[in-house]
Amino acid sequence: MTPAADAQAGTPGPPAITFDVYTALIDSRRGMIDGLGPVADAHGWSLDVGTVVDHFDAASKRRQREITDWIPFRRIVSDAMAETSAALDLSGDADDIATALLATIHEWPHYEDVPDGVAAAAATHDVAVLTNTDDDLLARTRTGYAFPDGVTSEQARAYKPHPGIYRVARERFGPLVHVAGSARDVRGAGEAGLTVVRVARPGQRVDPNGPAPDAEVADLRDLPGVLAGLAAR
């Protein structure tokens, strides 16, 4: 029975499945490297673009973790790029670099297992995204599946791993399973009381000081079997 049929019948349906976007679905590191390549060439950066991206990504995530009063994700990107530019002595205006990077977000590639994996999960569960970004940036992101709904940090006024964003998702969708890719998302969702499935993506790990995920997959096309196993527990 599909989730919609369950609702019409008045019986409890399976939990909704939320997906992280920029680690679980999108290869954001590859997208950012490709997006900053022309900027690096134009300004004659001597550093490897991957080094710039890694410094920027760490600065961005730290700001998301430490923020107390919500600000738009675009502001976080600009501030993190300013920090990176200063630390690595990069030429070019940091705000212009941040704007150029976000202008390429529609080109960031999704992982190849996303379309079939999410579609298979959607056959038996309601699916949505749960992501640290602004609404307009999510709208321009090619996630690999036409999700009907989602919660952004802009809507929740909180950034993962803060429990507030997971609370908003649970209030909107009811019981849910969250598919996470990053260590902070696995930990944040677990500490917020969600069932967590970790999808193992390149360069990602589990936080040894946080709760372990309830299950793990290397490929989203294996997700339906994992969900069935969780339901049988």
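Since every read-out is calculated from the coordinates, none of them should be taken as a lab result. Bear in mind that the values here come from a model prediction, so they are computed numbers and not experimental data. Cβ sites come from the backbone with ideal geometry, for glycine too, and all protein chains shown count toward neighbours.
Going by average Cβ neighbours within 10 Å, how do the peptides 82-90, 30-38 rank, with the highest at the top?
30-38, 82-90
How compact and how long is the range 28-107, expressed as Rg and Dmax of its alpha-carbon atoms in Å?
Cα-based Rg and Dmax for the range 28-107 come out at 11.9, 37 Å.
With each pseudo-label sitting 7 Å past Cα toward Cβ, what's the Ile71-His43 distance in nm, one decimal?
Placing both labels 7 Å along Cα→Cβ, they lie 1.9 nm apart.
What FRET efficiency do you get for Ala123 and Ala86 if R0 is 41 Å and r is their Cβ-Cβ distance, rounded to the nearest 0.05?
Taking R0 as 41 Å, the efficiency between Ala123 and Ala86 is 0.25.
Round to the nearest 0.05 the FRET efficiency obtained for Asp34 and Ala232 when R0 = 30 Å and r is the Cβ-Cβ distance. Let's see the in-between values first.
On the way: r = 42 Å, r/R0 = 1.39.
Step by step, r from the Cβ atoms, then E = 0.10.
If we count other beta carbons within 10 Å of each Cβ, what is the order of Trp70, Trp108, Trp45, fewest first? The partial results should precede the final answer.
Working: Trp70 15, Trp108 23, Trp45 19.
Final ranking by Cβ density, sparse to dense: Trp70, Trp45, Trp108.
By its C-alpha gyration tensor, with a ≥ b ≥ c as the square roots of the eigenvalues, how is the range 125-233 shaped: rounded for a/c under 1.5, else prolate for a/b larger than b/c, else oblate?
rounded
Could you tally the net charge around Val52, taking each other residue with its Cβ under 12 Å from the Cβ of Val52, Lys/Arg +1 and Asp/Glu -1?
Cβ neighbours under 12 Å give a net charge of -4.
Which one, (1) 58, 42, 32; (2) 61, 35, 33; (3) 54, 50, 29, gives Cα extents along the principal axes in Å as derived from the coordinates shown?
Checked against the structure: label (2).
Just grab the label-to-label distance for Asp57 and Thr99, each label 7 Å out from Cα along the Cβ direction, in nm (one decimal).
2.6 nm
Add -39500 (n - 2.57) for each DSSP H run of 4 or more in the chain, then divide by its residues: what number comes out at 222 nm, to the nearest 500 deg cm²/dmol?
Numbers: 11 runs with 113 residues, N = 233.
Result for the chain: -14500 deg cm²/dmol, rounded to the nearest 500.
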